[in-house]
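Before any comments, here is the structure.
The values are calculated or read from the model by the stated rules, or taken from the named source; none is laboratory data. These numbers come from a predicted model, not from an experiment. Methodologically, a virtual Cβ is constructed for each residue, glycine included, from the backbone with ideal geometry; neighbour enumeration extends over all protein chains shown. The protein model used for the area step is the full one, side chains on, heavy atoms only, and it has no ligands, DNA or RNA in it. Shrake-Rupley method; radii C 1.70, N 1.55, O 1.52, S 1.80 Å.
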Amino acid sequence: MGELCEDEDASAAKDILHYPPQFWYRAYFDTQCKNMMVDNNFTESFNAWILEAIHMPIIKMLEDIRIKVMNLLVIDEDKIREIAHYCKVEFNSDFGYEITESDDRQFVDLEHKKCTCRLWQLSGIPCPHAIKAIIYDKI
């Protein structure tokens, strides 16, 4: 498969601007789940991930899955903490905390579990900005 040239990239960027931003821009994504059905691709991917444990007795299988999830969360947490290390925290009584990461500024509300980057609301896992605020607040 060929690589896209710069002209095609610019053309694609211009084409997407003809569509309303709420259909493609992440800031407009809703954080509430509308469909409780699990997508087939997600199921297949999960089944492949637990392939070794799927033939075990139920208790052993659940224990194996629990350990895999814990290890995955540790890896993600380490990445998030590394990013959070470079953030600067300022207390802001109106919004909770103001987190600055180079030129980027986000507001974190620990009480409502929200960040203006919306990663916390979208994933349910605290973003680097929230982690920095949590560490700062010594929670």
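Data overview
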read-out	value
Backbone HN-Hα couplings from phi across the stretch 117-130 [Karplus 6.51/-1.76/1.60, Hz, Gly and Pro as x]	6, 6, 5, 5, 5, 6, 9, x, 10, x, 6, x, 5, 5
Efficiency of FRET between Glu101 and Trp24 - r from beta-carbon atoms, R0 25 angstrom, step 0.05	0.55
Label-point separation, Ser45 to Asp78 (7 Å along Cα→Cβ), nm	2.2 nm
Nearest-10 value in Å² for the accessible area of Arg66, using the 1.4 Å probe	110 Å²
For Cys127, distant residues with modelled amide H under 5 Å away	Trp120
FRET efficiency, 1/(1 + (r/R0)^6) with R0 30 Å, evaluated for Val69 and Asp137 via beta carbons	0.70
Lysines with Cα under 20 Å of Lys138, excluding same-chain neighbours fewer than 8 positions away	Lys79, Lys88, Lys113, Lys114
